[in-house]
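Q: Here it is, the structure in full.
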Amino acid sequence: MSIALEEAEAAAKRGEVPVGAVIVNDGEILARNGNRTLELNDPTAHAEILVIREACDLLKSQRLAGCDLYVTLEPCPMCAGALSFARIRRLYYGAGDVKGGAVDHGTRFFCQPTCHHSPEVYSGIGETRSATLLKDFFASKR
């Protein structure tokens, strides 16, 4: 999670919402990135989507079974769907997102009967630092 937090800090320095993600397979980091929606002019360029794309390209597979994803913020509905379709084994996330989250809040994507795969979910990992990064970022925008 410390590397995901580094990516979130780098995203904040770029003016992006400070969310960072890392995909790990057998203890090896396959991909790491932070939000780049503004930089890439792409509303889908969330940290989770970027690392999923990179890891899939590296493994030459649309499935990431056996891979774990660490992200600093609870995934939104789009990212939760991508995690399911990629068959991510475990999700570790930092801060919960009451407004936009879709794992333990909102739609609770993985609990829906239409969800084909649910990763193991571990929340609150690095929660304080993740939440502080977000609060400080948005406070600086006001």
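Q: Hey, among ALA82, ALA102, ALA47, which residue is aliphatic (A, V, I, L, M) and buried (at least 23 other Cβ atoms within 10 Å of the Cβ)? If you could, list the steps in order and put the result at the bottom.
A: Numbers: ALA82 fails: buried (at least 23 other Cβ atoms within 10 Å of the Cβ); ALA102 fails: buried (at least 23 other Cβ atoms within 10 Å of the Cβ).
Unique residue meeting the criteria: ALA47.
Q: Residues that are farther than 24 Å from THR132 by Cβ and touching a helix residue (DSSP H, G or I) at 6+ places or on another chain (Cβ under 9 Å), at least 3 per element: which helices (runs of 4 or more DSSP H) completely within segment 1-107 meet that?
A: On the way: elements: 2-13, 37-40, 47-59, 77-86.
Passing ranges, in order: 47-59, 77-86.
Q: Let me ask you something else. Residue pairs, Cβ under 7 Å, 6 or more apart or interchain, first in segment 75-93 and among the aromatic types (Phe, Trp, Tyr), second open to solvent by 60 Å² or more (accessible area, probe 1.4 Å). List them.
A: TYR92/TYR122; TYR92/ILE125; TYR93/SER123; TYR93/ILE125
Q: Something else about it: Return yes or no: is GLU28 of a type in the set (Asp, Glu), open to solvent by 40 Å² or more (accessible area, probe 1.4 Å) and at pLDDT 95 or above? Steps first, answer last, please.
A: On the way: of a type in the set (Asp, Glu): yes; open to solvent by 40 Å² or more (accessible area, probe 1.4 Å): yes; at pLDDT 95 or above: yes.
Against the criterion (of a type in the set (Asp, Glu), open to solvent by 40 Å² or more (accessible area, probe 1.4 Å) and at pLDDT 95 or above), GLU28 qualifies.
Q: Filter segment 43-58 down to the residues that are of a type outside the set (Val, Ile, Thr) and in contact with a strand residue (DSSP E or B) (Cβ under 7 Å, 6 or more places away or on another chain), then identify the one that is nearest to ALA8 (Cα to Cα).
A: Step one: of segment 43-58, the residues of a type outside the set (Val, Ile, Thr) are 43, 45-48, 50, 53-58.
Still in the list and also in contact with a strand residue (DSSP E or B) (Cβ under 7 Å, 6 or more places away or on another chain): 47-48, 50, 54-55, 58.
Working: ALA47: 9, GLU48: 11, LEU50: 13, GLU54: 17, ALA55: 18, LEU58: 22 Å.
Here the residue is ALA47.
Q: Could you figure out which of (1) surrounded by fewer than 17 Cβ atoms within 10 Å (Cβ to Cβ); (2) closer than 16 Å to SER118 by Cβ isn't true of CYS67?
A: (1)
Q: Same structure, new question: What number of residues within segment 105-131 are closer than 20 Å to ALA12 by Cα and exposed (fewer than 13 other Cβ atoms within 10 Å of the Cβ)?
A: In the first step, residues of segment 105-131 are kept if they are closer than 20 Å to ALA12 by Cα; the result is 125-131.
Okay, now just the ones that are also exposed (fewer than 13 other Cβ atoms within 10 Å of the Cβ), so 128.
Matching residues across segment 105-131 total 1.
Q: Taking the options ALA55, ALA45, ALA10, name whichever one is among the small types (Gly, Ala, Ser), at pLDDT 95 or above and touching a Lys or Arg at 6+ places or on another chain (Cβ under 7 Å).
A: ALA45
The values are calculated or read from the model by the stated rules, or taken from the named source; none is laboratory data. If you're wondering where the values come from, they're calculated on a predicted model, not measured in any experiment. Don't worry about glycine lacking a Cβ; one is built from the backbone with ideal geometry, like all the others, and counts go over all protein chains shown. Areas reflect the complete protein model, heavy atoms only, side chains present, ligands, DNA and RNA absent. Shrake-Rupley method; radii C 1.70, N 1.55, O 1.52, S 1.80 Å.
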